[in-house]
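So the structure is just underneath, and the comments pick up after that.
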Amino acid sequence: ARLTDWRSDLALARNGLDTLAGAITADPKRFGRFELSDKLFVAPLGADREGVSLSVQGGSTRVRWATMRVDMLTLLAERMGAAPLDALPLAALLHVAGASEASERMLVRAGEGASDAPTLFALLARWRGEPLPAEGYVLYEGRYVTPATRERLILEGRVRGGLDRLATARDAAARRAALDELLALGEAAKA
C-alpha cells in the first residue's frame, strides 16, 4: 500500500514538474533573477523534464531537476504563482523533493479552489505520517492544523501577548490589567 501511495505521489509530482517547466518556458521573466550560489545570479530561460536552462553573466548553464537544491526548486515553484488547479501537483513535487513546509503552503493554495477537502486532507495526513483527524483540518495562519491544535495555538498566542503586556507595563495599573487578562484565560493557560 505504501508503494502504491508513493507511486501515486511520484505521478502527481511528475505532473507538477511538467506544470512548472511549462510555466518557466512560457514566461521566464515571471521568475525573475535569483542567486544560484554566492554572488552568482541567474535567470530562467526555459525548462523541460530534464532541467532548467539559466542565463548567467557571459552565457547560460543548465541545472538538472535531479541535482537541484530544494531551496531553488521551492523558489521557482512559489514564484510561479500557481492557480489552485495547478497547486496540488506542485505540492506533490515539493513533498517528494523534501520541502515539507513549502508543500503544505502549496496544499493550502490547492484548497482555495479546485481540490476537494477530503482528498486534500487524506493526502496531507499521509504526507505528515499521522492519522486523518476525524474532524479534518482547519486553516490557521496559512497552514492546515487540527481544530484542537488551532485552539492550543490561539491560547498560546493570547498567553504570549498577555506576558508581553505584563513585561512592558509602565505602571502598577497596567501590570494589574495584564495579570487579570492572563488569569482570565483560566486553568488551560496556567502551564
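The values are calculated or read from the model by the stated rules, or taken from the named source; none is laboratory data. Computed from a prediction, not measured in an experiment: that's the story for all the values here. Cβ sites come from the backbone with ideal geometry, for glycine too, and all protein chains shown count toward neighbours. Note: areas computed on protein heavy atoms with side chains; ligands, DNA, RNA excluded. Shrake-Rupley method; radii C 1.70, N 1.55, O 1.52, S 1.80 Å.
Here are some notes:
- Restricting region 7-45 to residues that are in a strand (DSSP E or B) and free of Cβ contacts under 8 Å to residues at least 24 places away in the same chain, the residue that is surrounded by the fewest Cβ atoms within 10 Å (Cβ to Cβ): SER37
- Scanning region 46-65 for residues that are assigned to a strand (DSSP E or B) and among the hydrophobic types (A, V, I, L, M, F, W, C) returns ALA47, VAL52, LEU54, VAL56, VAL63.
- Cβ separations smaller than 9 Å between residues 6+ apart or across chains give the following pairs from region 81-109 residues that are closer than 12 Å to LEU17 by Cα to residues that are outside any helix (DSSP H, G or I) and of a type in the set (D, E, K, R): ALA87/GLU112.
- Of all the numbered requirements in (1) open to solvent by less than 50 Å² (accessible area, probe 1.4 Å); (2) within 22 Å of PRO89 (Cβ to Cβ), ARG64 misses one, and that requirement is (1).
- Residues that are of a type in the set (Gly, Ala, Ser) and crowded, with 21+ Cβ neighbours inside 10 Å, drawn from region 81-96: ALA82, ALA87, ALA91, ALA92
- Counting the residues of region 49-61 that are closer than 22 Å to GLY16 by Cβ, surrounded by 12 or more Cβ atoms within 10 Å (Cβ to Cβ) and either aliphatic (A, V, I, L, M) or under 24 Å from the mean Cα position of the chain (by Cα) (or both) gives 3.
- Among the residues making up region 62-98, those that are of a type in the set (D, E, K, R) and within 16 Å of the chain's Cα centre (by Cα) are ASP71, GLU78, ARG79, ASP86.
- Of all residue pairs spaced 6 or more apart or on separate chains, those with beta-carbon atoms under 9 Å, a first member in region 110-131 that is in contact (Cβ under 8 Å) with a residue 40 or more places away in the chain and a second member that is surrounded by fewer than 17 Cβ atoms within 10 Å (Cβ to Cβ) and of a type outside the set (S, T, N, Q) are ARG126/ASP5; ARG126/LEU132.
- Helices (runs of 4 or more DSSP H) contained entirely in region 105-191, each with at least 1 residues that are modelled with pLDDT of 90 or more, open to solvent by 60 Å² or more (accessible area, probe 1.4 Å) and under 30 Å from LEU12 (Cα atoms): 117-128, 147-168
- GLU78 in contact with a strand residue (DSSP E or B) (Cβ under 9 Å, 6 or more places away or on another chain), open to solvent by 50 Å² or more (accessible area, probe 1.4 Å), among the acidic types (Asp, Glu) and in a helix (DSSP H, G or I): no
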